[in-house]
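The values are calculated or read from the model by the stated rules, or taken from the named source; none is laboratory data. Just so it is clear, the model here is predicted, and its values are computed rather than measured. As a convention, Cβ positions derive from the backbone with ideal geometry for all residues, glycine included, and neighbour counts pool all protein chains shown.
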Amino acid sequence: MEIKNVCIIGAGTMGSGIAQLIAINGYSVNIVDLSVDLLDEIKEKIEQNVDRHYVDRNKLSKEEANKILSKIHYYTNIEEAVDNVQLVIEAIYEDMNLKQVLFEKIDSICENHVILASNTSSLSITDIASKCKHQERIVGIHFFNPATVMKLVEIIKGDNTTEETLEIAKEFSKRLNKTVVIINDSPGFVTSRLIYVLCNEAINMKMEGIASTEDIDTACKLAFNFPMGPLELSDLVGLDIYNNIGEYLNDEFGDKYKPSFLLKKMVNNKQLGRKSRKGFYDY
C-alpha cells in the first residue's frame with residue numbers, strides 16, 4: 001500500500017512536529033484536535049518554524065515553503081480528518097485509557113486497510129490496541145522531539161501487529177529520512193526505559209544535594225558526549241511526561257523505576273520544564 005495522505009491526532013508539540021516533518025517530505029497531512037484556538041496557534045507556529053529554519057537559511061524559497069504549508073490541513077472533526085488517509089498517527093497525552101478509547105473509535109471509523117499508529121513513548125502497543133477489532137493493523141511509530149531534527153524512529157510491534165503492517169510503517173519512516181529500529185512490545189521500549197532511569201537518577205542526585213543542576217548536566221555532557229544533560233533533557237521532554245513514564249514502569253517492573261520524590265513534587269507544583277517556563281531551569 002502506498003501512503004499519500006496521513007492524519008495526525010493531537011496538535012501538541014509532538015503532533016505538530018510530526019505533521020511538519022511529513023509535509024516537508026511531500027505528503028499531505030491532516031492535523032485534528034478538539035481546540036480551534038490550539039489549531040490556530042499551531043498553524044502559526046509551524047509557519048514560523050518553516051520560515052526560520054528553511055526560508056531564512058536559504059534551504060527553501062518562499063514559494064517552496066508555501067507549497068509545503070499548503071499540504072497541512074487542520075480539523076476539529078475526526079471523521080473528516082481520517083477520510084481518504086492511509087495512515088493515522090496518534091499523538092495525544094500519555095494516558096492508557098485515553099489512547100484505548102481513541103483507538104477503539106478510529107478502528108471503527110477507518111477503512112480496514114488504514115494503518116493505525118501510536119507515537120507513545122512508553123505505553124504497550126498491545127494494550128493500546130486491546131479494545132480494537134483489527135489489532136493486526138496497529139503499530140507503534142515513536143518519533144523523538146523535535147521530530148524534524150531527531151534521526152531515530154522506534155517501530156514497535158504489538159503482539160498482534162502483522163509483518164505487513166510493520167513493513168509499511170518501516171518504509172514510511174525511512175522515506176522521512178529516519179533511521180529505523182524495530183522493537184518488540186515492552187513497556188518503555190528501548191529508549192524511554194533507558195533515558196528515564198538516567199534522568200530519574202540525576203533528579204535524585206539533585207534532591208540529595210550531590211551537585212548543582214548545572215554541574216550534573218555539565219558532567220554528563222562532557223563525560224558521555226551528550227548534547228544536553230539529563231536535567232535539561234527532563235525539562236525539554238516535560239517533567240509530567242517522565243513522572244507518568246516512571247509510574248507506568250514502576251507498575252510494570254517494580255520499585256527500581258519509582259519516580260523520584262523531587263520529580264513528583266515539581267509536577268505537583270506545576271514545574272513541568274519548558275512547557276511551564278520553569279523546571280530545573282527557568283525559561
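Whether a residue is crowded, with 20+ Cβ neighbours inside 10 Å, within 30 Å of Leu87 (Cα to Cα), outside the structural domain of Gln135 (by TED's automatic domain parsing) and aliphatic (A, V, I, L, M) was assessed, and Ile203 does not pass this test. Please specify each residue of the stretch 153-169 satisfying the condition of being outside any loop (DSSP other than H, G, I, E, B) and either surrounded by fewer than 19 Cβ atoms within 10 Å (Cβ to Cβ) or outside the structural domain of Lys133 (by TED's automatic domain parsing) (or both). Listed by number, the residues that qualify are Glu163, Glu164, Leu166, Glu167. Only one of the numbered conditions (1) closer than 27 Å to Pro187 by Cα; (2) free of Cβ contacts under 8 Å to residues at least 60 places away in the same chain; (3) assigned to a loop (DSSP other than H, G, I, E, B) is not met by Glu94, and that is (2).
The criterion of at least 3 residues that are of a type in the set (D, E, K, R) is met by the following helices (runs of 4 or more DSSP H) wholly inside the stretch 229-283: 239-253. Checking the structure you have, find out if any residue of the stretch 123-131 is assigned by TED's automatic domain parsing to the domain that holds Tyr54, among the hydrophobic types (A, V, I, L, M, F, W, C) and in a helix (DSSP H, G or I). Scanning the stretch 123-131 turns up at least one residue that is assigned by TED's automatic domain parsing to the domain that holds Tyr54, among the hydrophobic types (A, V, I, L, M, F, W, C) and in a helix (DSSP H, G or I).
You will find that of Leu60, Leu102, Leu34, Leu38, the residue that is outside any strand (DSSP E or B) and at pLDDT 95 or above is Leu102 and no other. The lone criterion from (1) under 18 Å from the mean Cα position of the chain (by Cα); (2) within 26 Å of Arg274 (Cα to Cα); (3) not in a helix (DSSP H, G or I) left unmet by Val29 is number (2). State yes or no: is Val32 free of Cβ contacts under 8 Å to residues at least 60 places away in the same chain and either in contact with a helix residue (DSSP H, G or I) (Cβ under 6 Å, 6 or more places away or on another chain) or among the hydrophobic types (A, V, I, L, M, F, W, C) (or both)? Yes. Set side by side, the residues Gly254, Gly238, Gly229 differ, and just one is small (Gly, Ala, Ser), out of contact with any Phe, Trp or Tyr (no Cβ under 8 Å at 6 or more places or on another chain), outside the structural domain of Ser124 (by TED's automatic domain parsing) and closer than 18 Å to Tyr93 by Cβ, which is Gly238.
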